[in-house]
Structures are given as C-alpha cells and as structure tokens.
Amino acid sequence: MKSWEIRAASQLPSLRRDLRDALRRRMPGGALDDLQLVIAELTSNAVRHGGPGPIEVYVHATTAQVLTRVRSTGRYHHHATPASDVTTLAESGRGIAIIDALADEHGHDHQHDVTTCWARLTWR
C-alpha cells in the first residue's frame with residue numbers, strides 16, 4: 001500500500017506524478033490514467049469541502065484491481081450532480097459523475113469528524 005499526505009490543492013500535480021511513478025509497472029496505462037483522475041477528483045473534493053488538516057490518500061493495488069481511499073477531517077457528502085444539471089460550461093459538479101463512469105464502485109464513510117471517500121477500479 002502506498003500513501004500520501006496533501007495539505008493544499010497546489011500539491012495535486014505532484015501527487016499525480018508520484019502515483020504514476022509508483023504504479024506504472026503494476027497497472028496498464030489506461031487504468032492508471034483513470035486512477036489518477038479518480039484520485040484527483042476525490043482529493044479535490046476533500047480540499048474544497050473537508051475541514052482543516054491534512055488529507056490522506058491511500059492506494060492499494062493488486063494484480064487486477066486498485067482500491068483508493070481519501071480521508072479528511074470534516075463531514076461532507078459525496079454526491080453527484082444529476083447529468084441534466086451539468087452543462088459544458090459548468091465550473092463544478094462533474095467530479096462524482098466522472099468517478100461514477102470510471103470506477104467499478106465508489107462511496108463514502110463517516111466516523112466521528114472524518115470523511116473517507118473511496119473508489120475501486122479493476123482491469124484485465
């Protein structure tokens with residue numbers, strides 16, 4: 001399992017690079033691209049909606065699947081904007097719809113004042 005700690009949105013590009021470096025030999029390129037996008041969306045949501053404090057990103061990859069978890073303080077909901085409400089000019093609201101399209105499963109859990117958003121992706 002790999003883990004990272006994020007404290008600001010400005011760290012997201014380096015997180016994407018680190019993910020690629022850490023996992024490029026374990027995952028096919030398309031699946032890694034999908035994973036990077038899913039983690040960027042989950043982490044961006046944590047930066048935007050979570051409370052103060054670090055955001056922890058965990059990735060556990062096996063032979064044919066990867067599970068990622070993004071933990072942050074605060075209690076916020078992981079929800080999608082209905083596709084009919086999102087326009088091509090929308091500045092936000094498409095992230096969870098993107099995750100829904102790329103991940104086999106995704107969701108969120110709350111414990112005390114911590115939100116964990118997770119996603120599972122598989123490939124062959």
Point to revise | Accessible surface, the chain, averaged per residue in Å² (probe 1.4 Å) | key: 59 Å²
Study note, to complete from the structure: For Val114, Val59, the accessible-area ranking with a 1.4 Å probe, largest leading, is Val114, Val59
Review point. Which entry in [x] 21, 18, 14; [y] 27, 14, 13; [z] 32, 23, 15 is this structure's computed semi-axes √(5λ) of the Cα gyration tensor in Å?
Key: [x]
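The values are calculated or read from the model by the stated rules, or taken from the named source; none is laboratory data. Only a predicted model underlies this, so the values are computations on that prediction, with no experimental measurement involved. All accessible areas refer to the heavy atoms of the entire protein, side chains included, with ligands and DNA or RNA removed. Shrake-Rupley method; radii C 1.70, N 1.55, O 1.52, S 1.80 Å.
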